[in-house]
């Protein structure tokens, strides 16, 4: 990271959204570039190489999913999808095409800012040498030793449980879709048997979460996937 | 006369009755196998004349006395008569020919007495040959006529099947079908009778159909098995023979076909009943499909409504929430604060308009729009409409051509609301700062309001659907922040007061919407100036 504030590309054709989100982001110390169409968004990505893109899926010219696909082809920049459709299908598609996270309209400012922060942090950390371990709150996941600690205590996990938490930790703060998780851990034939995942996630939560009924680390994104939260959820207007 | 029903076993009586029917209905059409008495008489006279001529020519001039030649000549005459007349005429001519043969040519001449026994044999052979030949000839002719008749029936059946397939309107299908049968088969009476709970639905057609016959038919059917599966039956109704054929699909009976006025061959009647049964099934299928279509459309409309509302709620709610968050930040500059407040107000307006749309739509659907006609200046309607969509008209100067200075009697609220939707649509589809022209005209007892924008105009493909609910243009290159309800509401509101709306492309570009409302009018001097805002022509060159 240089000293210049991160540049966020806001892609939404609704003028009221542009006019409310741009001041919000500026007030949090980000530079903001606004694009009203998919075409303009692709141009801005090429010309200004923003640090993060907020992308509305319902664009007038190119479908947001398609914009996602094209950006991913040339850049690893974090993408946060805004979906007004409420359709889980769109979110899953966007995530599997390389979007990092999504926020459903209507959302509060705190929710969006927290997702931006997490995405930028992850992008900054991605290039940092050999990541032998990942920390999330007082949780530490040590890949090399295949160990997980909470505070100073080791938590004993089965091999599958470790695979699951390692996968989520490697993509900390990103939403991984059910499909992707099933495919990675059980293989392609398992994508239609999500019950494996429900059971394993239940076991893992029991061992890791301070209160399994109110997950702090292993956050469920209903109908879409799971996410390992490195910071406690922050939904209040910051 | 009460209806009587006979089973088809009584074939002889039935045929007799049919012949009587045929005679009564003047049944000597081109496809009737029976000969007319007139033609028989003419043939007979012609035969007699021909024999007289033969006798005259052979005895007076040619002096032919060879029995063989004379016999063959007479045989020729008999065959010609048989070819043109019925069998009994041919037989009578044969008998006369035999007598003439005997009297004039077999010795002793001039008497019916025969001298030689072999001449008796010759005479007997002649009579037999001529009778058999005459019979064969009439039979062949009858068969040819029957073939022609059957071919015509087939053609009628074919035409009817085609009519059936071309029928698409399920509501009128049965009525149309029975009319087609009566017309195609030249029947005095035809009826399709479909069983329903506790009786029969009779769909009659033809010259004979009418209260008494239909009622008698219904009574006759009442005596039948509700689901007749047997053969043909007949009923005497109002003195006419009516044939009843069951309508069957596979083994299932779907109704009864009744025909009268012209004998139809049993096979043809069966085929006809088959076609009718299929047509009835088809009509019932169309009916069911229509109901299913309606249900599906209503479902689609509901989900379109939900999608539209969901989309149109989310953006304003997000904006309001984020803008409120921005306002809570202590470091916000005054200019930014004002902008965020304006943003919130605009989005609240948008939500308000959305709810207004939903309410208006619900009222239109419920038919709950009361019309309240009043005398107003047309310009007042424009003023009221402009106020309703003031927030969206910002940046679009409204140029008004107020037309003549008259009062019109319309429902000002409905008209203004409809106009507001059209103005909103115009503003949404026009480039920023482009003017919107509204002109008013009163003529032929109606008020015409035209709205012209400077937008991209209307795509040909959109024109037929423009006023359908939730229809958005096929070429929405720019997604417009609309609900997809506005123009359909405008049409609904106008329709409530007997008005209508149409759209076209304006010469020189842009869309041109025309609102027509039936309205009595009078010069404005005839009444006290009504209270309310008055808009002089051209006074609104600028938006506030």
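Within the group B:537, B:520, B:503, which residue is in contact with a helix residue (DSSP H, G or I) (Cβ under 8 Å, 6 or more places away or on another chain) and at pLDDT 85 or above? Answer to the check: B:503. Residue A:162 fulfils the conditions (1) farther than 28 Å from residue A:80 by Cβ; (2) assigned to a helix (DSSP H, G or I); (3) at pLDDT below 90 except for a single criterion, (3).
Reported count of residues in region B:311-327, each being over 10 Å from residue B:347 (Cα atoms), within 7 Å of chain A (Cβ to nearest Cβ) and touching a helix residue (DSSP H, G or I) at 6+ places or on another chain (Cβ under 6 Å), is 4. Per the conditions (1) surrounded by 17 or more Cβ atoms within 10 Å (Cβ to Cβ); (2) more than 14 Å from every other protein chain (Cβ to nearest Cβ); (3) closer than 19 Å to residue A:97 by Cα, the sole criterion not satisfied by residue A:72 is (1). Looking at region B:381-392, can you tell me whether even one residue there is within 14 Å of another protein chain (Cβ to nearest Cβ) and over 17 Å from residue B:487 (Cβ atoms)? Yes, because at least one residue in region B:381-392 is within 14 Å of another protein chain (Cβ to nearest Cβ) and over 17 Å from residue B:487 (Cβ atoms).
Mind checking whether some residue in region B:341-349 is touching a residue at least 60 places away in the same chain (Cβ under 8 Å), surrounded by 15 or more Cβ atoms within 10 Å (Cβ to Cβ), more than 8 Å from every other protein chain (Cβ to nearest Cβ) and farther than 18 Å from residue A:25 by Cβ? Checking region B:341-349: not a single residue is touching a residue at least 60 places away in the same chain (Cβ under 8 Å), surrounded by 15 or more Cβ atoms within 10 Å (Cβ to Cβ), more than 8 Å from every other protein chain (Cβ to nearest Cβ) and farther than 18 Å from residue A:25 by Cβ. The set of residues in region A:98-117 that are within 18 Å of residue A:226 (Cβ to Cβ) and touching a helix residue (DSSP H, G or I) at 6+ places or on another chain (Cβ under 9 Å) comprises A:98, A:99, A:100, A:101, A:102, A:103, A:104.
Would you confirm whether any residue within region B:427-443 is farther than 19 Å from residue B:512 by Cβ, within 36 Å of the chain's Cα centre (by Cα) and not in a helix (DSSP H, G or I)?
Within region B:427-443, the subset farther than 19 Å from residue B:512 by Cβ is B:432-433.
From the residues that got through so far, the ones that are within 36 Å of the chain's Cα centre (by Cα) too are none.
No, region B:427-443 contains no residue that is farther than 19 Å from residue B:512 by Cβ, within 36 Å of the chain's Cα centre (by Cα) and not in a helix (DSSP H, G or I).
Let's see how each residue does on (1) under 18 Å from residue B:196 (Cβ atoms); (2) at pLDDT below 85; (3) not assigned by TED's automatic domain parsing to the domain that holds residue B:197:
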position	(1), (2), (3)
B:242	no, yes, no
B:252	yes, yes, no
B:261	no, yes, no
B:287	yes, yes, yes
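As a summary of the residue check, residue B:255 satisfies the conditions (1) part of a helix (DSSP H, G or I); (2) away from chain A (no Cβ under 14 Å) except for the one numbered (1).
Exactly one residue out of B:332, B:369 is more than 15 Å from residue B:484 (Cβ to Cβ), outside any helix (DSSP H, G or I) and within 11 Å of chain A (Cβ to nearest Cβ), and it is B:332. Among residues of region B:276-325 being surrounded by 21 or more Cβ atoms within 10 Å (Cβ to Cβ) and touching a residue at least 60 places away in the same chain (Cβ under 8 Å), the one that is farthest from residue B:233 (Cα to Cα) is B:315.
Within region A:195-231, how many residues turn out to be in a helix (DSSP H, G or I) and under 18 Å from residue A:150 (Cβ atoms)?
Start the filter on region A:195-231 by keeping residues that are in a helix (DSSP H, G or I), which leaves A:195-208.
Next, from what is left, pick out any that are under 18 Å from residue A:150 (Cβ atoms): A:201-208.
Number satisfying all stated conditions: 8.
Criterion first (within 13 Å of residue A:79 (Cβ to Cβ), touching a residue at least 24 places away in the same chain (Cβ under 8 Å) and away from every other protein chain (no Cβ under 14 Å)) does residue A:10 satisfy it? No; evaluated as a whole, the condition is false for this residue.
Of all positions in region A:115-129, none carries a residue that is in a strand (DSSP E or B), closer than 27 Å to residue A:182 by Cβ and away from every other protein chain (no Cβ under 14 Å). Criterion applied to B:395, B:403, B:457 was being within 14 Å of chain A (Cβ to nearest Cβ), surrounded by fewer than 22 Cβ atoms within 10 Å (Cβ to Cβ) and at positive phi, and the one residue passing it is B:395.
The values are calculated or read from the model by the stated rules, or taken from the named source; none is laboratory data. Small disclaimer: the values here were computed from a predicted structure and weren't measured. In this analysis, Cβ positions are derived from the backbone assuming ideal geometry, glycine residues included, and neighbour counts consider all displayed protein chains.
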